[in-house]
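Engineer: The structure is given below, and queries will be raised subsequently.
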């Protein structure tokens with residue numbers, strides 16, 4: 001009873017026990033409650049709040065991405081807790097308060113179903129941002145200091161974006177990063193499976209039927225072949241897709257020095273046509289030949 005009702009005190013628990021036929025003193029209940037560890041843990045209250053209001057919660061956050069010229073770009077995004085949809089995302093070199101407010105206008109064009117916004121204590125979320133959120137009938141809720149777990153939905157999305165995209169490609173500039181991020185968001189919404197959504201996508205992916213026993217899977221490249229998505233089942237010629245973003249490893253080797261260049265030499269030998277191919281292209285490998293497209 002004490003573990004399931006964290007806000008119940010000694011008098012209320014004692015009253016419930018008396019109504020249930022347990023003749024114990026209130027002092028005994030108080031001594032028992034003192035021995036329960038973790039009672040009143042604030043993390044449990046926070047998780048309960050997120051679980052009960054996930055359909056009306058939006059999380060905001062920033063993450064940084066370095067470019068090939070070592071310029072630092074800032075990515076702002078808003079993700080809803082219900083279906084894990086990315087409501088808005090954009091990149092900039094100078095995330096001022098005016099720029100953040102403009103992004104929020106595009107995220108919340110009118111009063112809708114969302115009632116709470118979770119954001120950290122970053123200085124970019126200043127007084128102007130809080131004033132705008134309150135004006136749109138959205139309650140801003142800041143996380144505790146050094147508590148990224150309280151904004152877990154946003155932090156997990158940043159981790160997925162880095163593992164599946166940003167760890168494999170170096171953006172050239174702000175426009176290049178914006179294009180890559182938006183392509184990844186399209187893949188994230190339409191193709192990527194989420195365990196928390198019952199192994200479904202944020203937009204809802206229909207279950208396809210197998211047309212015949214001889215049918216095989218078709219994979220469609222995403223982000224120039226960096227990711228693949230299964231788009232259906234049909235008999236087709238086997239095609240192997242390789243990612244031309246291997247050229248990124250060559251570029252990093254040129255920046256790091258001779259030792260890294262020696263380690264990258266097998267890539268040049270195996271993919272001679274990729275050595276001078278621009279970033280963002282893909283290679284079509286078939287019958288041991290490379291054909292850049």
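The values are calculated or read from the model by the stated rules, or taken from the named source; none is laboratory data. The shown structure was predicted, so the numbers you read here are calculated from the model rather than taken from an experiment. Cβ: placed from backbone, ideal geometry, glycine included. Neighbour counts: every protein chain shown.
Engineer: Criterion first (surrounded by fewer than 13 Cβ atoms within 10 Å (Cβ to Cβ) and either under 22 Å from residue 178 (Cα atoms) or under 22 Å from the mean Cα position of the chain (by Cα) (or both)) does residue 93 satisfy it?
Structural biologist: Criteria met by residue 93.
Engineer: Would you check if residue 101 is surrounded by 15 or more Cβ atoms within 10 Å (Cβ to Cβ), more than 23 Å from residue 189 (Cβ to Cβ) and touching a helix residue (DSSP H, G or I) at 6+ places or on another chain (Cβ under 6 Å)?
Structural biologist: The answer is yes for residue 101.
Engineer: Pick out the one residue from 245, 177 that is out of contact with any helix residue (DSSP H, G or I) (no Cβ under 8 Å at 6 or more places or on another chain), modelled with pLDDT under 80 and buried (at least 16 other Cβ atoms within 10 Å of the Cβ).
Structural biologist: 245
Engineer: Got a sec? Which of 126, 112, 82 is surrounded by 15 or more Cβ atoms within 10 Å (Cβ to Cβ), over 27 Å from residue 168 (Cβ atoms) and either modelled with pLDDT under 95 or within 21 Å of the chain's Cα centre (by Cα) (or both)?
Structural biologist: Step by step, each of 126, 112, 82 is checked, and only 82 is surrounded by 15 or more Cβ atoms within 10 Å (Cβ to Cβ), over 27 Å from residue 168 (Cβ atoms) and either modelled with pLDDT under 95 or within 21 Å of the chain's Cα centre (by Cα) (or both).
Engineer: Being within 16 Å of the chain's Cα centre (by Cα) and surrounded by fewer than 12 Cβ atoms within 10 Å (Cβ to Cβ), is that true of even one residue in the range 213-221?
Structural biologist: Looking for residues that are within 16 Å of the chain's Cα centre (by Cα) and surrounded by fewer than 12 Cβ atoms within 10 Å (Cβ to Cβ), one finds none in the range 213-221, hence no.
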